[in-house]
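The block underneath contains the structure these notes are about, expressed in structure tokens.
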Amino acid sequence: MTGTLPLLIIGSGIAGAAAAIDLARAGQRPLIIERNREIGDAICGGFLSWQSLAALERLGLSPQLLGGQPVNEVRLFAGRRMARAPLPQRGMGLSRRALDTALLDQALAAGASVERGISVRTYGPDAVMLSDGATLKPADLFVAHGKYGVAGHQRHPPAKVAADPVVGLRLRLSATRQIAMLVGEAVELFLFDRGYAGLVRQEDGTANLCLAVHKSRLSEAGGKPEVLIAQWGASNGPLGERLAAADPVGPIDAIAAIPYGWRRSSGPDGLWHLGDQAAVIPSLAGEGMGIALSTASSAVASWRQGDRSADWQRRMARRLAPPMTLARIIWALAEHPRWNGAGVALLQQLPMLTGVLARGTRVPGNA
């Protein structure tokens, strides 16, 4: 495959498909190239905030059409403490397979196209080099390949994360009456030493358990995710109760070296970096999918106005700075055993503070 293309998108996930929808609505015919031959279920917390739902509705995907699990409450657990508070507005639990399928279907219906099973070796403003040796030369390139790296485009996390890298784990729990009763319409966060776990029910009644853990803590469990999860369940009664209430669905999925806290402050003209290639917010904030949607819509709007991508990338970095900074502070406290219990105790006394933090970790103007 060699040739010249007007607009090219690397990655068919949330950011790539959302950008394709907006570009197609603007009269373009963007081509998405995707390394996976089928839509999978990416390692992701699966929580959509109220702002993300508004962004999806603008793209033609209403909450009713998505059919996810309503989420009205957040609960935080640390040791024997538990705090709970209503979300500022209703959110949703939805699997990435369901969301990515809906977004890509919408993009194709709008006029975009997709080529699957194509891996990118590297890319630059002038050319995309594929693993089979072919070269594509797009006029503009929208980069949306998620958390996965591409040679020559490394993301360097903050020093703390670089010194003790973060591993992402995901375990799905079967749909049972007990899980429905225990979790209900809530997103739950369990805080531990050097890690945390998030739990939310999804559209099919299963529960999505995602963990972010530093490598040093996983090593103490012998490098075995199943041992770590069992240890955390034994040390936290509510989490242990949920693990006992359902069976695992499939294996534990893992992704290494997630650069939480990183954001791109610059980039060359002709490259529009979206989603996790623009910033990687700590997952306990529940705004990763919001960043994907926000960067996609903002980049396409700037492209349509004739802006330089380098200027847009700098503006986007400034816009993402407040929620990223707040999320990093919350993350540092949440995974420190001296502070996470005190933090949950404070939220017990001031539940309204939970809503303030939830609003503060949203992307400004994301709707």
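The values are calculated or read from the model by the stated rules, or taken from the named source; none is laboratory data. Values in this document were obtained by computation on a predicted structure and should not be read as measured data. Cβ: placed from backbone, ideal geometry, glycine included. Neighbour counts: every protein chain shown.
The single condition among (1) touching an Asp or Glu at 6+ places or on another chain (Cβ under 8 Å); (2) under 22 Å from Val280 (Cβ atoms); (3) modelled with pLDDT of 95 or more; (4) not charged (D, E, K, R) that Pro70 does not satisfy is (2).
Conditions tested, residue by residue: (1) in contact with a Ser or Thr (Cβ under 6 Å, 6 or more places away or on another chain); (2) surrounded by fewer than 17 Cβ atoms within 10 Å (Cβ to Cβ); (3) at pLDDT below 95.
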{"residue": "Gly79", "(1), (2), (3)": "no, yes, yes"}
{"residue": "Arg90", "(1), (2), (3)": "no, yes, no"}
{"residue": "Asp100", "(1), (2), (3)": "no, no, no"}
{"residue": "Asp105", "(1), (2), (3)": "no, yes, no"}
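For segment 239-262, enumerate the residues that are farther than 30 Å from Gln277 by Cβ, buried (at least 16 other Cβ atoms within 10 Å of the Cβ) and not small (Gly, Ala, Ser). Those that are farther than 30 Å from Gln277 by Cβ, buried (at least 16 other Cβ atoms within 10 Å of the Cβ) and not small (Gly, Ala, Ser): Leu239, Arg242, Leu243.
Does segment 10-17 contain any residue that is of a type outside the set (Ser, Thr, Tyr), closer than 23 Å to Leu274 by Cβ and in a strand (DSSP E or B)? So far as segment 10-17 goes, yes, one or more of its residues are of a type outside the set (Ser, Thr, Tyr), closer than 23 Å to Leu274 by Cβ and in a strand (DSSP E or B). Of the set (1) surrounded by fewer than 21 Cβ atoms within 10 Å (Cβ to Cβ); (2) outside any strand (DSSP E or B); (3) touching a Gly at 6+ places or on another chain (Cβ under 6 Å), all apply to Gly152 but (3).
Only residues that are touching a Leu at 6+ places or on another chain (Cβ under 9 Å) and either crowded, with 17+ Cβ neighbours inside 10 Å or assigned to a strand (DSSP E or B) (or both) were counted across segment 113-146, and they come to 19.
If you scan segment 265-279, which residues turn out to be at pLDDT 95 or above and assigned to a loop (DSSP other than H, G, I, E, B)? Hits for segment 265-279 are Leu274, Ala278. Here Ser174 clears all of (1) surrounded by fewer than 21 Cβ atoms within 10 Å (Cβ to Cβ); (2) in contact with a helix residue (DSSP H, G or I) (Cβ under 8 Å, 6 or more places away or on another chain); (3) at pLDDT 95 or above; (4) at negative phi except the condition numbered (2). Selection over segment 190-233 of residues that are closer than 22 Å to Ala162 by Cβ and among the aliphatic types (A, V, I, L, M) gives a count of 6.
Filtered by the rule that a residue be crowded, with 16+ Cβ neighbours inside 10 Å and touching a residue at least 60 places away in the same chain (Cβ under 8 Å), segment 222-237 gives Ile229, Asn236. Of the residues making up segment 201-233, those that are among the acidic types (Asp, Glu) and either over 18 Å from Leu191 (Cβ atoms) or touching a strand residue (DSSP E or B) at 6+ places or on another chain (Cβ under 9 Å) (or both) are Glu203, Asp204, Glu226.
Only one of the numbered conditions (1) more than 30 Å from Arg80 (Cβ to Cβ); (2) part of a loop (DSSP other than H, G, I, E, B); (3) not acidic (Asp, Glu) is violated by Pro337, and that is (1). Sort out which residues of segment 37-85 are closer than 29 Å to Val120 by Cβ, assigned to a loop (DSSP other than H, G, I, E, B) and in contact with a helix residue (DSSP H, G or I) (Cβ under 9 Å, 6 or more places away or on another chain), and write them in order of number. Across segment 37-85, the qualifying residues are Ile39, Gly40, Asp41, Ala42, Ile43, Cys44, Gly45, Gly46, Leu59, Gly60, Leu61. Inside segment 337-349, residues that are touching a helix residue (DSSP H, G or I) at 6+ places or on another chain (Cβ under 9 Å) and surrounded by fewer than 17 Cβ atoms within 10 Å (Cβ to Cβ) make up a count of 3. Would you be able to say whether some residue in segment 56-66 is on the phi < 0 side of the Ramachandran plot and among the small types (Gly, Ala, Ser)? Yes, the conditions are met somewhere in segment 56-66. Scanning segment 93-112 for residues being more than 28 Å from Arg170 (Cα to Cα) and part of a helix (DSSP H, G or I) gives a total of 3.
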